[in-house]
Amino acid sequence: MLKKTAKILSILFFAMTFSLGQISPASALEAGDIVIQIKPADQEIDLAPGKVVRSSITVQNVGRLPFTFTVSAKPYQVTNENYDPDFVTESSYTKLHNWITFSQDTFQLEPGASQDVVFTITVPDGVPGGGQYAAIIAETRDSMSEDANVRIISQLASLIYAHVEGEEHVGGVLMSHSLPSFLFGSPFTARVTVKNDGNVDFRLTHKLNIRDFFTNREVLTETSVDENGKFLANATPMILPETQRSSTITWDGAPQLGVFKVTQTISFLDQTYTFDQVVILCPIWLAGAVAFFVLLIILWVILRLCGRKRRRPQVI
């Protein structure tokens, strides 16, 4: 009984995790039965004190079963440099969710259908200028059947980056950056951390250009994409006010052996930084073999010198 309870709690924990970033299917009791999508993943909206703005999101049913879903507005902020989302804690930058209303918050969606959800933002008078952030949450509590032992809660978030007209303080600082020099079997990773010390968000542009050292042939560029159309060496994350954010680009298809010229470009606000590095990739077994061979040569040279010294005639 204890093992069964622990298993159920584990399923519930993972099922209730929010999905962010790219549009992705939420968890369902059985894969493909109840699958919800939401778009756009995020949107930027300009606001002004005392004004009313309307916008919308689209919720899609790409599963095999119909479901009922509800929508709600939650505060949005982050907890660390990796930007783990926080939809609970409120701050001076998360008042936006209080200004959002829906004409309808419950919908029924058939397989293959989509629903536009309109929401209204009513900005109070006297609101200070700067960034405001919220998330529109689409949630379904439907499970495969009414008598299911475990009912899955599937939730997706569409983020809203709002900019209230008024006094804005814009500023950002490059805190750190890194490019490897030698890699012995570990992943090729470039990393940058930028701090936003203003009161409104801005985007960071993080790019890599990798060329073969000997042929100068481009191996990876800012326009390189994977089979899903995702950029491999070009990241443009948003940085919220009074936070630090780290951006990491990993070259997953890097060969085990090679020498490359790498250029890392970091841009935000009116600042651009460019860093060049020659990177040597070598499997650890080959590095060990070379080190062993060099050690043998050094040992051989030392023995030869000692042998010559012993064979020299002694002067009395």
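The values are calculated or read from the model by the stated rules, or taken from the named source; none is laboratory data. Given the structure is predicted, the values throughout are model-derived calculations rather than measurements. Don't worry about glycine lacking a Cβ; one is built from the backbone with ideal geometry, like all the others, and counts go over all protein chains shown. Areas reflect the complete protein model, heavy atoms only, side chains present, ligands, DNA and RNA absent. Shrake-Rupley method; radii C 1.70, N 1.55, O 1.52, S 1.80 Å.
What to note about this one:
- Förster radius 22 Å - calculated FRET efficiency between His169 and Phe231, Cβ distance, rounded to 0.05: 0.10
- In summary, the aspartates and glutamates within cross-link reach of Lys207, defined as a Cα separation below 13 angstrom excluding same-chain residues under 8 places away, comprise Glu222, Asp276.
- In the range 158-264, trypsin sites (Lys or Arg not before Pro) in a DSSP loop with at most 14 other beta-carbon atoms within 10 Å: Arg217, Lys230
- Pairs from Lys95/Lys230; Lys51/Lys74; Lys39/Lys261 whose Cα-Cα separation, in the structure shown, is over 31 Å: Lys95/Lys230; Lys39/Lys261
- Within the shell defined by Cβ-Cβ distances under 12 Å, the residues around Thr265 carry a net charge of -1, with Lys and Arg each +1 and Asp and Glu each -1.
- Percent accessible area from carbon and sulfur atoms, the range 37-125, protein chains only, probe 1.4 Å: 44
- For Ser56, net neighbour charge (Lys/Arg +1, Asp/Glu -1) across residues whose Cβ lies under 15 Å away: -2
- Isotropic mean projected area of the C-alpha convex hull, the range 70-114 (nm²): 4.9
- Computed label-point distance, nm, for sites Lys261 and Thr122 using a 7 Å Cα→Cβ extension: 6.1
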